[in-house]
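For reference, the structure discussed in these notes is given below.
The values are calculated or read from the model by the stated rules, or taken from the named source; none is laboratory data. What you see is a predicted model, and the numbers here were worked out from it, not measured in a lab. We place every Cβ from the backbone using ideal geometry, glycine too, and count neighbours over all the protein chains shown.
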């Protein structure tokens, strides 16, 4: 806490590893995708995911909080959603996708903004 308890800074680092891709949930139910292709080629291959997050909270008074959170994730297999999305082209999960495949990436950087009001 800084500046008379009006600012807070939080950092977090996460690391997850799994000895086989067969134990990991597919990030998209539209198959085939880059992740299910990786499982098909070698299901015993390990998956490793890392995440680093920084959060800044601004609390001008006891009733309002503004939160800015930046996170970066990395995986050794395509696992995170890209700009092309992970559902079908029309946005429904159960629509036949034809040749379309989910846009899965090995990295993701995301900025999240939030406001919290307490009564």
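How many residues are within 16 Å of the chain's Cα centre (by Cα) and over 27 Å from residue 88 (Cα atoms) when one looks only at the stretch 9-29?
Of the residues in the stretch 9-29, 6 are within 16 Å of the chain's Cα centre (by Cα) and over 27 Å from residue 88 (Cα atoms).
Could we say that residue 5 is farther than 30 Å from residue 117 by Cα and either surrounded by fewer than 11 Cβ atoms within 10 Å (Cβ to Cβ) or over 15 Å from the mean Cα position of the chain (by Cα) (or both) here?
On the way: farther than 30 Å from residue 117 by Cα: no; either surrounded by fewer than 11 Cβ atoms within 10 Å (Cβ to Cβ) or over 15 Å from the mean Cα position of the chain (by Cα) (or both): yes.
Criteria not met by residue 5.
Please list, ordered by first then second residue, the pairs with beta carbon atoms under 9 Å, 6 or more apart or interchain, first in the stretch 77-102 and at negative phi and loosely packed, with under 10 Cβ neighbours inside 10 Å, second modelled with pLDDT of 85 or more and part of a loop (DSSP other than H, G, I, E, B).
Within 9 Å, the pairs are 83/103.
Condition first: surrounded by 14 or more Cβ atoms within 10 Å (Cβ to Cβ) and within 20 Å of residue 13 (Cβ to Cβ). Now tell me which residues in the stretch 57-76 satisfy that.
Once the filter is applied, which keeps residues that are surrounded by 14 or more Cβ atoms within 10 Å (Cβ to Cβ) and within 20 Å of residue 13 (Cβ to Cβ), the stretch 57-76 yields 57, 67, 69, 71, 73, 74, 75, 76.
Here are some conditions: (1) in contact with a strand residue (DSSP E or B) (Cβ under 9 Å, 6 or more places away or on another chain); (2) over 26 Å from residue 4 (Cα atoms). Residue 115 meets all but one. Which one does it not meet?
(2)
Any chance the stretch 7-19 includes a residue that's assigned to a helix (DSSP H, G or I), touching a residue at least 24 places away in the same chain (Cβ under 8 Å) and either more than 13 Å from residue 76 (Cα to Cα) or touching a helix residue (DSSP H, G or I) at 6+ places or on another chain (Cβ under 8 Å) (or both)? Walk me through how you get there before you give the answer.
Here is the first cut: in the stretch 7-19, the residues assigned to a helix (DSSP H, G or I) are none.
Checking the stretch 7-19: not a single residue is assigned to a helix (DSSP H, G or I), touching a residue at least 24 places away in the same chain (Cβ under 8 Å) and either more than 13 Å from residue 76 (Cα to Cα) or touching a helix residue (DSSP H, G or I) at 6+ places or on another chain (Cβ under 8 Å) (or both).
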